[in-house]
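**Q** One structure is given below, represented as structure tokens, and several questions about it will come after.
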Amino acid sequence: MSQFFIGGRWTDPLGSGSADVINPATEQSLGLLALGSEADVNAAVAAAKTALPGFAATSREERIALLERVLEVYTARADDFAKAISLEMGAPITMSREMQAQAGIDHLEAVIVGLKALDFEETLDNGDTLVRMPVGVCGLITPWNWPVNQIVLKVAPALAAGCTMVLKPSELTPLSAILYAEVLQEAGVPAGVFNLVHGDGPVAGAALSRHPDVSMMSFTGSTRGGVAVTRDAAETVKKVALELGGKSPNLVFADCDLETAISEGVEACFINTGQSCDAATRMLVERSVYTRAVELAQAKCAEMAVGNPAEPGDHMGPLSSAQQYARVQAMIAAGIAEGARLVAGGPGRPEGYETGYFARPTIFADADNAMRIAQEEIFGPVLVMIPFGSEEEAIEIANDSPYGLSAYVQTGDSARAARVARALHSGMVNVNGAFLGAGSPFGGVKMSGIGREGGRDGILEFLETKVIAAP
């Protein structure tokens, strides 16, 4: 963790900053991470700029072959990624294997399918020629909650488009990023096409966003971070793609299979210890079944075990950091202070966990949508339950949010499902337990971001359009 990957080789940092990488289950250091300076970012951007003309000139077939080699190498090392993610961010090892590491395979396969179907040139109805060209050198900033998932959703489409890049992953989860650099190197990605610099947002992230030779910034993280990237990028009028926060509503109507809907709804909130931008954190329940729904949610929460992430099983792990633990505790306290009814969990660690950033799975009932716990992204295992009277009221509550990433609908009426899904102001809607597949466009509206990731649409984000008119 003491070197960066720049220009096709591992290099010593030019700056002197460093930080401990902490195992959130033990609070012990996994090692010291070098933090990049502006000089390190400049070196990485220079390498990417040098490599751009050659890589941009490669054919689609050449890039397909390259991505297929990346997929082969990654698949062989998938368990290394699962172990690294479990160590660095606390994902239980079973979940890390089946979801976290597996996402690196699923999304890369979807990008390859999308690239094979994408036309880089076409003739318009008026006879002009439309050409899709790589946007150029790209700055990629990825978060800690789904580290490989987000790296692949940026690196793979950038490669598919013919771009070169500099990746700055979260300083909380550097191990998986280092492994991915090793995979790309082994797969034969040309020198300078992919570069890796570790660092924090205010220094390395800002230097990347402001750099005049970077043509695009792709950022996943908090809305606050996305605003900062956008401001820094504005001076050089960069293209910006943002995948930000969410406060996703889950609309539960009385005509659904209530037991299944509540059980799956609690799981959809608590997966990855609630640290997912599209987590179903607001459960809106039709008033006629609300009392029963609260009882079912309370019972389901009692079944949600918290445990050591190194051990196999379907338990929850710790939160990612001391800062995230403090945030979740503050929001639980806010919910209690605002008068929401605490029906499960609450402040503090689960019994038997004095060490580690473990939080209690928590459910608030009888919340008002104006409460902080209903409006702000908590990013932890905290579910907020709100009753509604009519379909119209449910839609109104669901859309009353600064966010618009994902939404969920549970109903036995297919016409209602279609009607409500189209009325919800969000980038994605999951109906009756279904989830978006790899390759579908992932992203949101309002303060949840700009642009889409995944599959063909994800590649298009890294392309610019040129039109040629000729006699």
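The values are calculated or read from the model by the stated rules, or taken from the named source; none is laboratory data. Keep in mind that what you see is a predicted model, and the values were worked out from it rather than measured. FYI the Cβ positions are ideal-geometry reconstructions off the backbone, even for glycines, and counts take in every protein chain you see. Areas reflect the complete protein model, heavy atoms only, side chains present, ligands, DNA and RNA absent. Shrake-Rupley method; radii C 1.70, N 1.55, O 1.52, S 1.80 Å.
**Q** Please get the size of the charge dipole for the stretch 279-423, origin at its Cα centre, with Cβ charges of +1 on Lys and Arg and -1 on Asp and Glu, quoted in debye to the nearest 20. Before the final figure, lay out the partial values.
**A** Details: 12 positive and 18 negative charges, 19 e Å.
Magnitude of the dipole: close to 100 debye.
**Q** Sticking with this structure for a sec: For the chain, report the accessible area per residue in Å² (1.4 Å probe, heavy atoms, rounded to an integer).
**A** Numbers: 18000 Å² over 471 residues.
In whole numbers, the chain has 38 Å² accessible per residue.
**Q** Could you tell me the relative contact order of the stretch 71-219? Use alpha-carbon pairs under 8 Å, at least six residues apart, and round to a whole percent.
**A** 26 percent
**Q** Which is farthest toward the positive dipole end of the chain among Gly127, Gly226, Thr236, measuring Cα position about the Cα centre, with Cβ charges +1 (Lys, Arg) and -1 (Asp, Glu)?
**A** Thr236
**Q** Specify the angular offset, from 0 to 90 degrees and rounded to the nearest 10, of the alpha carbon long axis of helix 60-76 from the longest principal axis of the alpha carbons in the chain.
**A** 50 degrees
**Q** Next up: Could you sort 230-238, 439-447 so that the peptide with the highest average Cβ count within 10 Å comes first and the rest follow in order?
**A** 439-447, 230-238
**Q** Would you please put 328-338, 247-257 in order of how densely packed they are, using the mean number of other Cβ atoms within 10 angstrom per residue and starting with the highest? Kindly include the intermediate steps, with their values, before the conclusion.
**A** Working: 328-338: 17.3, 247-257: 23.6.
Highest to lowest by the protection proxy: 247-257, 328-338.
**Q** Still on this structure, please answer the following. Taking the Cα centre of each part, how many Å lie between the stretch 1-47 and the stretch 63-111?
**A** 22 Å
**Q** Let me ask another. What is the angle, in °, between the Cα long axis of helix 78-89 and the longest principal axis of the Cα atoms in the chain? Nearest 10 is fine, range 0 to 90.
**A** 60 degrees
**Q** With point charges of +1 on the Cβ of Lys and Arg and -1 on the Cβ of Asp and Glu, referenced to the Cα centre of the chain, which listed residue (Ser37, Gln375, Ser448) lies farthest in the positive direction of the dipole?
**A** Value computed over the given set: Ser37.
**Q** Sticking with this one: What full-extension length gain, to one decimal in nm, is calculated for Glu27 and Thr129 as 0.36 nm per residue of separation minus the Cα-Cα distance? Before the final figure, lay out the partial values.
**A** Working: separation 102, 0.36 × 102 = 36.72 nm, distance 5.78 nm.
Contour length minus Cα-Cα distance gives 30.9 nm.
**Q** Please label the shape of the stretch 310-423 as rounded, prolate or oblate, based on the square roots a ≥ b ≥ c of the eigenvalues of the alpha-carbon gyration tensor (a/c under 1.5 means rounded; beyond that, a/b larger than b/c means prolate, else oblate).
**A** prolate
**Q** Shifting gears a bit: What value, in deg cm²/dmol to 500, does the helix sum -39500 (n - 2.57) over DSSP H runs of n ≥ 4 give at 222 nm once divided by the residues of the chain? Working shown, then result.
**A** Values: 15 runs with 183 residues, N = 471.
Mean residue ellipticity at 222 nm (helix-derived): -12000 deg cm²/dmol.
**Q** What are the radius of gyration and Dmax of the stretch 361-438, computed over its Cα atoms and given in Å?
**A** Using the Cα atoms of the stretch 361-438, the pair Rg, Dmax is 13.0, 35 Å.
**Q** Quote to one decimal, in nm, the extra length available between Val73 and Glu392 on full extension: 0.36 nm per residue of separation minus the C-alpha distance between them.
**A** Extending this stretch completely gives an extra 109.8 nm.
**Q** How far is helix 223-234 tilted off the main Cα axis of the chain, in degrees rounded to 10, range 0 to 90?
**A** Approximately 30 degrees, to the nearest 10.
**Q** Relative contact order for the chain: what is it in percent, counting Cα pairs under 8 Å that are at least 6 residues apart? Show your work: numbers first, answer last.
**A** Details: 1105 pairs, mean separation 91.7, N = 471.
Here the relative contact order equals 19 percent.
**Q** Continuing with the same structure: Can you tell me the length gained on complete extension of the stretch Leu342 to Arg287, counting 0.36 nm per residue apart and subtracting the Cα distance?
**A** Contour length minus the Cα-Cα distance gives 18.0 nm.
**Q** Something else now. Out of the total accessible area of the chain (probe 1.4 Å, heavy atoms of protein only), what percent is carbon and sulfur?
**A** Carbon plus sulfur share of accessible area: 51 percent.
**Q** Over the stretch 1-80, what is the mean sequence separation of C-alpha contacts under 8 Å (at least six apart), divided by residue count, expressed as relative contact order in percent?
**A** Value for the stretch 1-80: 23 percent.
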